[in-house]
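*Asks:* Structure in structure tokens, see below.
The values are calculated or read from the model by the stated rules, or taken from the named source; none is laboratory data. Since the model is a prediction, treat every value here as computed from it, not as a measurement. So basically every Cβ, Gly included, is an ideal-geometry build from the backbone, and we count neighbours across all protein chains shown.
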Amino acid sequence: MKMKTQRLYIALAVVFLIGIAIFAQTLILHEKRAKRHDILNKGNYLVSLIALHPIDDFAGEKRNFFVKTIAEQISSEGLIYCFIHDQAGNPLLALAPHDIEGKIPQDIQRRALYVDGLTQQTFKTIGANNVINEFAKPIFENGQKSGTVRLGFNLPSISLFTPQRVKLMAIMAFFAIAMAAFVYYGVTLALQPLREVNQNFKSMYVDSTPLSTDSVPNGGINEVIKDLEQSVVKLREKYSKIRAENVDLTTKCGVISFEKNNVFNILESINHGILVTDIQDNVSHMNSYMLNLLDKNRDDVIDHPLADVLGHDQITAFVLQQEALKQSKNASYIEATFPELAAGEIFQVSLSYLKGKEGAIIGKVISFKNITSEKTAERAKHEFVTNITHELLTPLTTINSYNEMLMDDEVDNKELQKEFYNTISEETGRLTRLVKNLLNISQIEMGSMTLNKGLVKSDWLFDDCITTVEGTAQKKKITIERNLPDNFPSLFGDKELLKVAIINILGNAVKYTPEDGHIRFTLSEQDDLVVFEVIDSGYGISKEDLPHIFDKFYRSTDSRITEQTGSGLGLALTSEIIRLHGGEIEVTSEPDEGSHFVIRLPKEEYYLGKQ
Amino acid sequence: MENNKRVLVIDDEVHIRRVIELKFKNQGYHVTTATNGEEGLDLIKTQKPDVVITDIMMPKLDGKTLCERANEFKKEWPFLTIVMTCRISPTEQEWIGKLEDTVFIEKPFSLSSILKCIDQYFGK
């Protein structure tokens with residue numbers, strides 16, 4: 001670094017000296033030019049002035065005057081010689097050093113004597129090499145050339161180191177050095193902040209460099225510029241890196257923002273109420289579902305105490321209780337209702353704890369899940385199990401009791417005995433049907449139902465179904481009208497399951513038709529379909545019940561229906577069996593007028609004549 | 001065999017009504033039957049039976065409501081209520097404990113067990 005600085009100083013000194021030399025040379029040239037110009041003016045003037053006089057003046061009385069005047073000029077104004085020639089070129093007057101004439105080249109004199117106008121010639125004296133400017137002008141009298149005046153001026157030699165010039169140069173050198181010192185000091189001062197900036201730049205890309213002005217290198221401007229260039233390169237690299245990082249961060253921010261929106265949207269679209277609190281139990285988030293449930297605006301709940309927002313003593317007590325028990329590991333829940341806000345609906349309120357990165361609890365998450373349908377289904381299931389138990393145990397009780405009477409010989413009347421045996425048989429059949437229905441519905445639900453398909457003669461199916469229900473129908477004095485076609489189409493299916501399906505329809509018709517009623521059971525063929533129709537004059541089905549009669553466990557609330565035993569499985573099972581056979585079932589009904597069930601099943605191309 | 005006790009059988013199941021009726025008539029009881037809870041409650045008021053045998057699941061008025069209402073009459077005259085049920089759960093035990101002279105009999109029961117229950121009540 002020092003070598004560079006020394007070289008710079010030497011270079012500056014050389015430049016300074018060259019500058020001084022050029023300046024001195026310029027001064028000399030300028031002075032020479034000025035002198036030459038001065039001589040030119042003076043020569044022109046003097047020669048013209050002298051040439052104005054008649055030639056005789058230089059030979060007559062005035063000769064001395066001219067001699068004296070010109071002699072003064074020679075001594076003080078650089079005039080070396082003065083020759084005045086007559087018309088023939090003979091010298092009339094010669095004021096010159098004694099040896100000068102012989103040193104003037106002949107062609108110079110000749111040209112001066114024969115030219116009719118003012119001439120100015122520069123030449124070097126022979127032998128001495130002095131540079132002389134000669135001015136010559138002819139003297140005219142009455143239009144005739146009467147003579148020639150020649151004046152020779154010596155071009156003075158100019159010394160570089162004249163006292164005046166040395167003084168001037170010394171002053172100038174002083175001012176130049178002072179200026180240089182001043183400029184140097186100024187530049188140093190000006191560079192100082194630049195160096196600091198450079199150092200700061202460096203500290204930006206070299207993290208280990210301490211940010212201190214003490215270590216700022218005191219280099220020259222080249223070094224500073226070089227450093228600055230390096231700094232700029234490094235800064236560009238740093239900028240590129242930062243820009244790349246910025247792009248990366250922007251992308252990450254975008255991803256985070258997207259994910260945040262996603263989480264928010266999930267919370268918003270979730271079909272539960274979600275309420276989040278901070279560590280002070282103030283609400284920090286509540287999704288739209290929860291806001292709708294509580295009928296509140298977001299601004300009314302955020303940062304408000306949980307207890308105030310909920311206004312639900314049961315849930316508040318639950319939260320406090322859970323907190324007291326410190327059950328932070330597992331979520332716990334209660335069932336709660338909001339009679340004024342959501343009448344008839346049941347919510348499962350779950351509490352879990354919101355944890356930070358280090359596992360510390362930073363709030364609570366309370367979710368509100370509407371479990372009304374689950375509770376309804378649970379209740380329906382419970383009712384179903386109760387019903388089924390009742391339905392199973394009732395025929396068992398009958399069989400058991402009747403059997404007990406028979407075994408105890410308490411029934412000695414033959415007719416009564418027959419009635420008892422029939423009842424036991426009927427109840428056994430009832431029990432069997434119920435168990436089969438349960439098994440079938442269970443298999444259908446599990447998707448494990450296997451159809452034992454074969455050719456089914458529709459008239460046999462028809463007769464089997466009638467036989468099953470006609471005993472009950474007779475007891476109720478219900479007439480069953482049979483409508484049969486001339487030819488009986490065949491079916492391809494599971495005969496036992498098809499019997500279950502049709503008997504469920506027929507059995508319901510008998511069950512829900514009052515005494516002395518009428519049932520029409522029709523078998524027909526329509527295109528490629530075998531159609532069974534059951535039309536009864538029973539209680540009919542209400543408009544409210546009609547869309548649900550094929551739902552599992554569904555039972556009408558009509559007292560005429562509820563007073564009959566039933567599991568709510570029959571029609572659901574029928575619908576599934578018909579569906580499994582590629583058929584369809586439809587029903588039309590009017591309350592108090594009766595119902596009309598139609599079962600359509602694909603037929604097989606196999607006919608039997610009417611038996 | 002003559003017995004002055006009056007028995008009311010309430011059940012929507014005809015076969016159960018029928019077999020209990022026959023059994024108790026053979027034992028000399030005066031037996032009346034009803035097909036639903038509403039009809040049964042009317043007969044309790046009018047006939048003031050000594051024994052009421054009732055099912056739980058019945059149309060119009062279920063057995064539990066019937067028992068609760070019948071319990072009010074027991075201040076006027078005491079009678080035994082036998083409730084035929086499928087399952088005696090702790091909830092039902094708790095419920096029946098609040099009623100006067102009311103007992104459960106679980107299905108499927110034997111007719112002799114009902115008779116035994118009645119005999120115990122009347123201190124035979």
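*Asks:* Picking from B:29, B:121, which residue would you name as being away from every other protein chain (no Cβ under 11 Å) and under 12 Å from residue B:9 (Cα atoms)?
*Replies:* B:29
*Asks:* So which residues in segment B:36-53 are farther than 17 Å from residue B:6 by Cα and surrounded by fewer than 22 Cβ atoms within 10 Å (Cβ to Cβ)?
*Replies:* Those that are farther than 17 Å from residue B:6 by Cα and surrounded by fewer than 22 Cβ atoms within 10 Å (Cβ to Cβ): B:36, B:38.
*Asks:* Taking only pairs six or more apart or across chains, which ones have beta-carbon atoms under 6 Å, a first residue in segment A:130-146 that is under 12 Å from residue A:44 (Cα atoms), and a second residue that is buried (at least 20 other Cβ atoms within 10 Å of the Cβ) and hydrophobic (A, V, I, L, M, F, W, C)?
*Replies:* Pairs that qualify, where the first residue is under 12 Å from residue A:44 (Cα atoms) and the partner is buried (at least 20 other Cβ atoms within 10 Å of the Cβ) and hydrophobic (A, V, I, L, M, F, W, C), are A:133/A:39; A:133/A:153; A:135/A:47; A:135/A:151; A:136/A:112; A:137/A:47; A:137/A:51; A:137/A:149.
*Asks:* Going by the conditions given, is residue A:391 crowded, with 20+ Cβ neighbours inside 10 Å, part of a helix (DSSP H, G or I) and within 10 Å of chain B (Cβ to nearest Cβ)?
*Replies:* yes
*Asks:* How many residues are farther than 25 Å from residue B:110 by Cβ and either surrounded by 22 or more Cβ atoms within 10 Å (Cβ to Cβ) or away from every other protein chain (no Cβ under 14 Å) (or both) if we restrict to segment B:54-64?
*Replies:* Qualifying residue count for the region: 0.
*Asks:* To continue, here is another question. Can you work out which of the residues in segment A:421-471 that are of a type in the set (Gly, Ala, Ser) and within 14 Å of chain B (Cβ to nearest Cβ) is nearest to residue A:508 (Cα to Cα)?
*Replies:* Looking at the filtered set, the residue picked out is A:471.
*Asks:* Tell me the residue from A:525, A:496, A:533 that is within 23 Å of residue A:457 (Cα to Cα), of a type in the set (D, E, K, R) and modelled with pLDDT of 95 or more, please.
*Replies:* Just one listed residue meets the conditions, A:533.
*Asks:* What are the residue pairs meeting all of these: first residue in segment A:328-342, first residue in a loop (DSSP other than H, G, I, E, B) and modelled with pLDDT under 75, second residue hydroxyl-bearing (Ser, Thr, Tyr) and surrounded by 15 or more Cβ atoms within 10 Å (Cβ to Cβ), Cβ atoms under 6 Å, and 6 or more apart or on different chains?
*Replies:* From residues that are in a loop (DSSP other than H, G, I, E, B) and modelled with pLDDT under 75, the pairs are A:328/A:353; A:331/A:350; A:331/A:352.
*Asks:* Sort out which residues of segment A:371-405 are under 26 Å from residue A:568 (Cα atoms), touching a Phe, Trp or Tyr at 6+ places or on another chain (Cβ under 9 Å) and polar (S, T, N, Q), and write them in order of number.
*Replies:* A:372, A:387, A:397, A:400
*Asks:* Still on this structure, please answer the following. Taking segment B:6-19 as the search range and keeping residues that are surrounded by fewer than 22 Cβ atoms within 10 Å (Cβ to Cβ) and either more than 7 Å from chain A (Cβ to nearest Cβ) or under 14 Å from residue B:112 (Cα atoms) (or both), which one is modelled with the lowest pLDDT?
*Replies:* So the residue we want is B:14.
Let's see how each residue does on (1) touching a helix residue (DSSP H, G or I) at 6+ places or on another chain (Cβ under 7 Å); (2) part of a strand (DSSP E or B); (3) in the same structural domain as residue A:380 (by TED's automatic domain parsing):
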{"residue": "A:456", "(1), (2), (3)": "yes, yes, no"}
{"residue": "A:462", "(1), (2), (3)": "no, no, no"}
{"residue": "A:466", "(1), (2), (3)": "no, no, no"}
{"residue": "A:498", "(1), (2), (3)": "yes, no, no"}
{"residue": "A:503", "(1), (2), (3)": "yes, no, no"}
{"residue": "A:515", "(1), (2), (3)": "no, no, no"}
{"residue": "A:525", "(1), (2), (3)": "no, yes, no"}
{"residue": "A:532", "(1), (2), (3)": "yes, yes, no"}
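*Asks:* Pull out all pairs, ordered by first then second residue, where Cβ-Cβ is under 7 Å, the residues are six or more apart or on different chains, the first lies in segment B:33-48 and is closer than 15 Å to residue B:68 by Cα and within 14 Å of another protein chain (Cβ to nearest Cβ), and the second is assigned to a helix (DSSP H, G or I) and of a type in the set (A, V, I, L, M).
*Replies:* Going by the 7 Å Cβ cut-off, the qualifying pairs are B:37/B:66; B:40/B:66.
*Asks:* Just give me the residues in segment A:147-194 being out of contact with any strand residue (DSSP E or B) (no Cβ under 9 Å at 6 or more places or on another chain), in contact (Cβ under 8 Å) with a residue 12 or more places away in the chain, within 30 Å of residue A:70 (Cβ to Cβ) and β-branched (Val, Ile, Thr), in sequence order.
*Replies:* A:158
*Asks:* Look at residue A:102 and say whether it is assigned to a helix (DSSP H, G or I) and surrounded by fewer than 11 Cβ atoms within 10 Å (Cβ to Cβ).
*Replies:* yes
Okay, residues lined up against (1) farther than 27 Å from residue A:144 by Cα; (2) in the same structural domain as residue A:37 (by TED's automatic domain parsing); (3) of a type outside the set (A, V, I, L, M):
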{"position": "A:56", "(1), (2), (3)": "no, yes, yes"}
{"position": "A:62", "(1), (2), (3)": "no, yes, yes"}
{"position": "A:65", "(1), (2), (3)": "no, yes, yes"}
{"position": "A:80", "(1), (2), (3)": "yes, yes, no"}
{"position": "A:87", "(1), (2), (3)": "no, yes, yes"}
{"position": "A:92", "(1), (2), (3)": "no, yes, no"}
{"position": "A:99", "(1), (2), (3)": "yes, yes, yes"}
{"position": "A:109", "(1), (2), (3)": "no, yes, yes"}
{"position": "A:120", "(1), (2), (3)": "no, yes, yes"}
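*Asks:* Go through segment B:66-111 residue by residue and tally those that are assigned to a loop (DSSP other than H, G, I, E, B), more than 18 Å from residue B:44 (Cβ to Cβ) and not hydroxyl-bearing (Ser, Thr, Tyr).
*Replies:* Here the count works out to 7.
*Asks:* Which members of segment B:69-99 meet the condition of being within 11 Å of chain A (Cβ to nearest Cβ) and in contact (Cβ under 8 Å) with a residue 40 or more places away in the chain?
*Replies:* Result: B:84, single match.
*Asks:* Right, another one. For the condition farther than 24 Å from residue A:135 by Cα and out of contact with any His (no Cβ under 8 Å at 6 or more places or on another chain), what is the one hit in A:21, A:34?
*Replies:* Within the list A:21, A:34, the selection yields A:21.
*Asks:* For residue B:51, state whether it is touching a strand residue (DSSP E or B) at 6+ places or on another chain (Cβ under 9 Å) and more than 14 Å from chain A (Cβ to nearest Cβ).
*Replies:* yes
*Asks:* A further question follows. For segment B:100-118, which positions are acidic (Asp, Glu) and within 9 Å of chain A (Cβ to nearest Cβ)?
*Replies:* B:106
*Asks:* Within segment B:59-73, can one find any residue that is closer than 19 Å to residue A:398 by Cα, at pLDDT 90 or above and in contact with a Ser or Thr (Cβ under 7 Å, 6 or more places away or on another chain)?
*Replies:* Yes, some residue in segment B:59-73 is closer than 19 Å to residue A:398 by Cα, at pLDDT 90 or above and in contact with a Ser or Thr (Cβ under 7 Å, 6 or more places away or on another chain).
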